[in-house]
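Read the structure below first, then the notes.
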Amino acid sequence: MKDLVQSVELGVTQRKGVKVTRPKVWIKNELVRVGLAECLCTYVMMAFGLGSVAQVVTGQGAFGQYLSINLGFGLGVAMGVHVGGKVSGAHMNAAVSFTMCTFGRLAWKMLPLYVFAQLLGSFLAAGTIYAVYYEAIHAYCGGNLTVTGIKATAGIFATYPAPYLSLLAGFIDQVFGTAMLLLCLMALSDQRNKPAAAGSEPVAVGLLVLLIGISLGSNSGYAINPTRDIAPRVFTAIAGWGADVFRAGNGWWWVPLVAPPIGGVLGAGIYKALVELHHPRLSEQGGGLVEKLEEEENAPLEKQKNSCENVCV
């Protein structure tokens with residue numbers, strides 16, 4: 001495979017008296033590196049997030065409450081950013097990737113790679129948590145894997161609406177939640193406003209997800225992420241919950257797929273229209289780096305160094 005290049009120096013070279021160790025095999029193709037990083041950071045985020053849900057549900061309140069789930073996903077996002085932030089940008093969310101493409105910060109040709117990596121990472125994380133909590137899940141539900149009801153366990157992996165929630169209200173809920181996510185992510189990465197301090201981006205993004213969870217999570221579990229929801233849902237359909245995972249909630253499954261990209265573009269667009277486009281030029285403030293900053297902000301992701309500005313659940 002041409003993407004795997006073996007070191008001619010057999011792993012160690014001598015340079016000015018200092019031994020420099022190189023890997024014998026490394027990946028040179030940037031697309032492969034980006035895809036692997038995006039898959040792994042999504043896996044990390046989902047494993048911690050779904051694991052927190054499984055612990056709360058199967059523990060029946062003995063090992064955490066709703067806040068535990070919010071903390072699990074928030075901290076999981078922060079760890080995911082550390083894992084892939086400098087390589088892929090750690091989107092971990094198809095709505096984020098779609099929004100970045102819409103605003104020219106990621107090339108459209110990269111979108112399928114990001115979505116596939118996120119789907120794979122989410123699916124593998126769902127399988128891992130199912131294996132880790134297999135006995136706990138079956139002990140909790142008595143081996144009867146159900147989507148709704150008192151002992152329902154499908155909600156460990158994918159989101160479902162509250163009994164009172166209509167499809168329209170749920171759609172609005174997902175649009176609004178994702179809009180707030182992308183609006184705040186745009187602010188956190190806006191170098192001409194009040195961005196997250198260098199090095200603090202993972203914590204800032206994790207706190208943002210935590211904030212959304214504790215303020216907008218009760219209606220439908222704040223999926224705000226198409227790949228986070230559909231991949232585990234498909235896994236549960238295969239693992240024993242069956243087609244009910246797509247029928248429950250009046251066919252709820254399509255809402256977390258369609259609403260978040262709309263909300264993402266809406267939220268980012270609102271921030272750009274009301275704040276970012278109206279920043280004074282640095283030349284008016286006595287600076288001389290206007291063109292450079294504007295080019296960096298508007299350049300496609302593939303032409304700039306990946307940063308945590310594109311992070312999300």
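The values are calculated or read from the model by the stated rules, or taken from the named source; none is laboratory data. Source: prediction; values computed, not measured. With ideal geometry, Cβ positions are generated from the backbone for all residues, glycine too; neighbour counts draw on all protein chains shown.
Can you say whether ARG192 is surrounded by fewer than 20 Cβ atoms within 10 Å (Cβ to Cβ) and of a type in the set (Lys, Arg), as far as the supplied structure shows? Quick ask: steps written out before the conclusion?
Working: surrounded by fewer than 20 Cβ atoms within 10 Å (Cβ to Cβ): yes; of a type in the set (Lys, Arg): yes.
When the stated conditions are applied, ARG192 passes them.
Quick one: which of ALA196, ALA204 is among the hydrophobic types (A, V, I, L, M, F, W, C), in a helix (DSSP H, G or I) and closer than 23 Å to CYS101 by Cα?
Values: ALA196 fails: in a helix (DSSP H, G or I).
Result: ALA204 is the single residue among ALA196, ALA204 that is among the hydrophobic types (A, V, I, L, M, F, W, C), in a helix (DSSP H, G or I) and closer than 23 Å to CYS101 by Cα.
Being under 20 Å from GLY213 (Cβ atoms), crowded, with 21+ Cβ neighbours inside 10 Å, of a type outside the set (Ser, Thr, Tyr) and out of contact with any strand residue (DSSP E or B) (no Cβ under 7 Å at 6 or more places or on another chain) narrows it down to one of VAL44, VAL34, so name that one. Step through it out loud before you land on a result.
Working: VAL34 fails: under 20 Å from GLY213 (Cβ atoms).
Matching residue, one of VAL44, VAL34: VAL44.
Take segment 36-69 and flag every residue that is over 19 Å from ILE137 (Cβ atoms) and within 14 Å of the chain's Cα centre (by Cα).
If the condition is that a residue be over 19 Å from ILE137 (Cβ atoms) and within 14 Å of the chain's Cα centre (by Cα), then ALA37, GLU38, CYS39, LEU40, CYS41, THR42, TYR43, VAL44, MET45 are the ones that fit.
For residues that are surrounded by fewer than 24 Cβ atoms within 10 Å (Cβ to Cβ) and under 20 Å from ALA231 (Cβ atoms), tally how many sit in segment 70-97.
2
Of everything in segment 114-136, what is farther than 15 Å from TYR43 by Cα, part of a helix (DSSP H, G or I) and either touching a helix residue (DSSP H, G or I) at 6+ places or on another chain (Cβ under 6 Å) or modelled with pLDDT under 95 (or both)? Give them in sequence order. Talk me through it step by step, then tell me what you get.
Pass one, segment 114-136, residues farther than 15 Å from TYR43 by Cα: 133-136.
With part of a helix (DSSP H, G or I) added as a condition, the list becomes 134-136.
Within segment 114-136, just ALA136 meets the criteria.
What helices (runs of 4 or more DSSP H) completely inside segment 219-313 contain at least 2 residues that are at pLDDT 95 or above?
Details: elements: 226-236, 244-251, 255-274, 290-298.
So the answer is 226-236, 244-251, 255-274.
Name the one entry in TYR222, TYR271 that is surrounded by 18 or more Cβ atoms within 10 Å (Cβ to Cβ) and on the phi > 0 side of the Ramachandran plot. Show your work before the answer.
On the way: TYR271 fails: on the phi > 0 side of the Ramachandran plot.
From the options TYR222, TYR271, the qualifying one is TYR222.
Have a look at GLY199, GLY155 and point out the one that is among the small types (Gly, Ala, Ser), without any contact (Cβ under 8 Å) to a residue 24 or more places away in the chain and surrounded by fewer than 20 Cβ atoms within 10 Å (Cβ to Cβ). First the steps, then the outcome.
Working: GLY155 fails: without any contact (Cβ under 8 Å) to a residue 24 or more places away in the chain.
So the residue among GLY199, GLY155 that is among the small types (Gly, Ala, Ser), without any contact (Cβ under 8 Å) to a residue 24 or more places away in the chain and surrounded by fewer than 20 Cβ atoms within 10 Å (Cβ to Cβ) is GLY199.
Here are some residues: GLY84, GLY149. Which one is among the small types (Gly, Ala, Ser) and in contact (Cβ under 8 Å) with a residue 40 or more places away in the chain?
Working: GLY149 fails: in contact (Cβ under 8 Å) with a residue 40 or more places away in the chain.
Testing whether each residue is among the small types (Gly, Ala, Ser) and in contact (Cβ under 8 Å) with a residue 40 or more places away in the chain leaves just GLY84.
Could you tell me which residue of segment 139-166 is farthest from ASN219 (Cα to Cα), considering only residues that are β-branched (Val, Ile, Thr) and modelled with pLDDT of 95 or more?
We begin by selecting, within segment 139-166, every residue β-branched (Val, Ile, Thr); these are 146-148, 150, 153, 156, 159.
From what's left, modelled with pLDDT of 95 or more: 146-147, 153, 156, 159.
Working: THR146: 20, VAL147: 17, THR153: 17, ILE156: 15, THR159: 10 Å.
Looking at residues that are β-branched (Val, Ile, Thr) and modelled with pLDDT of 95 or more, I get THR146.
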